[in-house]
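Colleague: One structure coming up, written as structure tokens, with questions to follow.
No value in this document is a laboratory result; all are computed from the given coordinates. As the structure is a computational prediction, the values presented were derived from the model and not from experiment. Note that we place each Cβ from the backbone using ideal geometry, even for glycine, and neighbour counts take in every protein chain shown.
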Amino acid sequence: MELTVRVRRPQVVLVAIAALIAVLAPAAVDVAASGSRVPLTSTQTRSASCAGAGFYPLGSTIGYGMIGAGRVLTDFGTSSTFTCAIGLPTGGVVTSVQFTLQVPPPGSSGTRKCGLERVGLSTSSTPRAAVMGRVANSDTLAHAGLVRLTDSTISHATVDNRRYAYYLQCQLYADLGFPSYGRIYGADVVYTISASKG
């Protein structure tokens, strides 16, 4: 026995399909609107940080330590530059650099030249460091204590890891008979980046 099914009105099928699409389309739009995926054209704000314990002196014979969570210089009557490598993604645009520091009592040495720098990686000339952003010297501030200083006037803001290496740096000064009153508790770099670049 053969069973034959004939669709006498194909337009009825087409109308049914169109009606189904009309019902499902709004739901698909709602899912896209409420989903967690970020459009590739959007720009996101992110940050990279370095704790005080991550800062180390450039000189191998320089004495240093920690007071609480703050990095200090322990060679009395001296000064030294401390640095910390910072990981920034290529294509990011730096918008600010921030340091959390201890402001020394009036008349005492503190922190100076704290900021974000980059150095060229080209072999065509001697690599030179360039300041991208730098906060105020802590020993020029009026009130002693813990502060968070920010610089939003950034030079060479676009990150390019193929041509440059990036790092945070800060100079510590220690008075005679005392570890440095100025302390580095940490720093962070704020940047924007498009979703398509990470």
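Colleague: Sum up the charges of everything whose Cβ sits under 10 Å from the Cβ of Leu168, counting Lys and Arg as +1 and Asp and Glu as -1, but leave Leu168 out.
Modeller: Taking every other residue near Leu168 into account, the sum is -2.
Colleague: Can you sort Tyr173, Tyr181 from fewest to most other Cβ atoms within 10 Å of each residue's own Cβ? Don't skip to the end; give the middle numbers.
Modeller: Working: Tyr173 21, Tyr181 24.
Final ranking by Cβ density, sparse to dense: Tyr173, Tyr181.
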